[in-house]
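*Asks:* First, the structure itself, so that you have it in front of you.
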Amino acid sequence: MSTFTRRRLLERIAAAAVAAPYVLAGNRARAQLPPPPNLPASEALLLRPSDAAFSQYQDAFNLRTELTPQLRALCKTANAVGVMVDWCRSNRLPFALRCGGHSYEGFSQSASVVIDFRMIDAIAVDPKTNTATVGAGASLGDLYRAIAQHGYAFPGGSCPTVGVSGHLLGGGYGYLARPYGLACDNLIGLDLIDPQGKPVHADLQQNTDLFWANRGGGGGSFGAVTGYRLNLIKLSSVLTFNIKLPALSPTRAAGIMKEWQAWAPQAPRTIDSNLVLAKHPGSSTVDLRCAGQSIGTLQELRRELRFLSSSPLVTQRSFFDAVNYFAGSDGWNYKAQEALMKGKSDYATSAISDAGLATLTGELSRREGIYVICDSYGGAIAAIAPNATAFAHRKELYCIQYGSTWTDPKDTKDRLQNMSDFYATMRPFVSGGAYVNYCDKDLANWPDAYWGQNLARLKQIKSSFDPDNVFQHAQSVPEA
């Protein structure tokens, strides 16, 4: 069976078939910048569009929201980050914080200044404490590669090019979330730069409110994080599975999704799975795929998957081999993943009704270019109280991601409208909650959708720590 990858799915959908970040000071970003700080080459690489190396760092996951900054500051040290933050604040310059560059709405993009962390990417593993110290510019793939050499795993996402920072700060779901929790649940300390450009450390003993807010509050609201301390997991191997059911009738696809949503959030904690649905090219049918992994026994997993397949293909792999399996051949190639795209999300707080499932699969069978990914919750995710971290969606059954990618800018208007119409049809059947890491500028009440009952505390921490709202973008945590 060939390896399924998210990118491969998106390419197939695209074949079958500009919103800009918030600007702090209106048109100020277009004005001439003052002279930048005099940082030595050992601290930072300061690039303007006229510099030969500038284009090397311009890549962005979502080309629809890509912007060209007047200055990109590739910082190499926390001190350089502090100097840049202080300079931007003192000169009232809008700026964005860039790590992995995967923000669906381009919140790591700016037409003014980008403080870029990609050169702060060192990773050190401490086998004595089963922890890792990770630079804010590292990718998930960098982390997985470094810790696998010591026999460790980390419960992060399946896309290696995603930045550790955005993933961690917004929650961070992956195929080890049900047994071990979200990525933010395994964060035990962080270092950041405050609005005055000064270093601050936060953990369970000091600056506890700030630590709480950075576990699910999203990136870009509570300072410029420069490094993390993570708890690692000793894990020799996992079991992977990948069940494909192509060209199903919408009714049959809805029936399987009904079985999956009754099973997946209540499955043994050892098992994590997602369900992916998309229109089958050239027909009014639906392709469905269920994949995931388990840290349990082979017998348990095969027994649990029988509702999908009488003989599911299950393979034992090392943690890092499983990362490679789900990433696929192009999963480590950032350039290959670039596209015009739009993403949205929902949460199922209870099982979606038969009418809701019929609507979802029926609309998918009629609309080109949209995919749906359902990520199962429960297990260790739900074992933590919704107010224990800023990540509020602990008790939901699963998260639903809607996505669309395309290559021709002339298709943008139609693709966005198609996604908006599809999303509208699901409003009667879902909770209205949304995942901050799948940011969506169309959401009318995004603060409640992202943070629910935790919003009031997040606002208070924001107002206390950053009263001048230095760290902001279009959907950063509002002030109280």
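*Asks:* With (1) charged (D, E, K, R); (2) buried (at least 19 other Cβ atoms within 10 Å of the Cβ); (3) closer than 22 Å to V470 by Cα as the list, and R64 as the residue in question, which single condition is left unmet?
*Replies:* Here R64 meets the rest and fails (3).
*Asks:* Which residue pairs have Cβ atoms under 6 Å apart, sit 6 or more places apart or on different chains, and have a first residue in segment 181-204 that is buried (at least 23 other Cβ atoms within 10 Å of the Cβ) and a second that is of a type in the set (V, I, T) and part of a strand (DSSP E or B)?
*Replies:* Hits for this filter: L190/V225; L192/V200; L192/V225.
*Asks:* Moving on to the next point. Hey, can you tell me all the residues within segment 114-126 that are part of a loop (DSSP other than H, G, I, E, B), buried (at least 19 other Cβ atoms within 10 Å of the Cβ) and hydrophobic (A, V, I, L, M, F, W, C)?
*Replies:* F117, I120 - these are the residues of segment 114-126 that are part of a loop (DSSP other than H, G, I, E, B), buried (at least 19 other Cβ atoms within 10 Å of the Cβ) and hydrophobic (A, V, I, L, M, F, W, C).
Okay, residues lined up against (1) in contact with a Lys or Arg (Cβ under 7 Å, 6 or more places away or on another chain); (2) surrounded by fewer than 22 Cβ atoms within 10 Å (Cβ to Cβ); (3) not assigned by TED's automatic domain parsing to the domain that holds D440:
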position	(1), (2), (3)
P94	yes, yes, yes
G100	no, no, yes
G106	no, no, yes
K128	no, yes, yes
D142	no, yes, yes
P155	no, no, yes
S165	no, no, yes
G171	no, no, yes
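*Asks:* OK, next. Looking for whichever is surrounded by fewer than 19 Cβ atoms within 10 Å (Cβ to Cβ) and closer than 27 Å to H280 by Cβ here; the options are A339, A385. Which one fits?
*Replies:* A339
*Asks:* Among the candidates N242, N214, N231, N207, which residue alone is more than 30 Å from I120 (Cβ to Cβ) and either at pLDDT 95 or above or crowded, with 20+ Cβ neighbours inside 10 Å (or both)?
*Replies:* Step by step, each of N242, N214, N231, N207 is checked, and only N242 is more than 30 Å from I120 (Cβ to Cβ) and either at pLDDT 95 or above or crowded, with 20+ Cβ neighbours inside 10 Å (or both).
*Asks:* Taking A322, is it in a strand (DSSP E or B), among the aliphatic types (A, V, I, L, M) and in the same structural domain as T405 (by TED's automatic domain parsing)?
*Replies:* Taking the combined requirement at face value, the residue does not satisfy it.
*Asks:* I've got another one for you. Filtering segment 252-279 down to residues that are among the basic types (K, R) and surrounded by fewer than 21 Cβ atoms within 10 Å (Cβ to Cβ), which residue is farthest from S350 (Cα to Cα)?
*Replies:* Of everything passing the filter in segment 252-279, R252 is farthest from S350 (Cα to Cα).
*Asks:* Additional query: Residues that are assigned by TED's automatic domain parsing to the domain that holds P312: find the strands (runs of 3 or more DSSP E) completely inside segment 196-260 holding 1 or more of those.
*Replies:* Of the strands (runs of 3 or more DSSP E) lying wholly inside segment 196-260, those with at least 1 residues that are assigned by TED's automatic domain parsing to the domain that holds P312 span 238-248.
*Asks:* Please work out which residue is surrounded by the most Cβ atoms within 10 Å (Cβ to Cβ), limiting yourself to segment 421-461 and to residues that are in the same structural domain as R367 (by TED's automatic domain parsing) and of a type in the set (K, R).
*Replies:* Among them, the one singled out is K441.
*Asks:* Any idea which residue in segment 59-80 is nearest to S112 (Cα to Cα), counting only those that are outside any loop (DSSP other than H, G, I, E, B) and touching a Gly at 6+ places or on another chain (Cβ under 8 Å)?
*Replies:* Looking at the filtered set, the residue picked out is T65.
*Asks:* Could you please find all residues in segment 254-277 being out of contact with any helix residue (DSSP H, G or I) (no Cβ under 7 Å at 6 or more places or on another chain) and polar (S, T, N, Q)?
*Replies:* The answer is Q261, Q266, N274.
*Asks:* Residues in segment 315-360 that are under 18 Å from V372 (Cα atoms) and among the aromatic types (F, W, Y): how many?
*Replies:* Result for segment 315-360: 2.
*Asks:* Here is a check on your reading of the model: is A456 more than 20 Å from the chain's Cα centre (by Cα), aliphatic (A, V, I, L, M) and not in a loop (DSSP other than H, G, I, E, B)?
*Replies:* It is true that A456 is more than 20 Å from the chain's Cα centre (by Cα), aliphatic (A, V, I, L, M) and not in a loop (DSSP other than H, G, I, E, B).
*Asks:* Further question on the same structure: Restricting attention to segment 310-326, which residues are within 30 Å of the chain's Cα centre (by Cα) and modelled with pLDDT under 95?
*Replies:* P312, L313
*Asks:* Here's another thing I want to ask about it. So P467 clears everything in (1) under 18 Å from G220 (Cβ atoms); (2) within 23 Å of the chain's Cα centre (by Cα) except one condition, right? Which one?
*Replies:* Of everything listed in (1) under 18 Å from G220 (Cβ atoms); (2) within 23 Å of the chain's Cα centre (by Cα), P467 misses just condition (2).
*Asks:* All but one of (1) at pLDDT 95 or above; (2) assigned to a loop (DSSP other than H, G, I, E, B); (3) not hydroxyl-bearing (S, T, Y) hold for W332; which doesn't?
*Replies:* (1)
The values are calculated or read from the model by the stated rules, or taken from the named source; none is laboratory data. The model shown is predicted, which means the values in this text are computed figures rather than measured ones. Because the Cβ atoms are built from the backbone with ideal geometry, glycine has one as well, and the counts that use them run over all protein chains shown.
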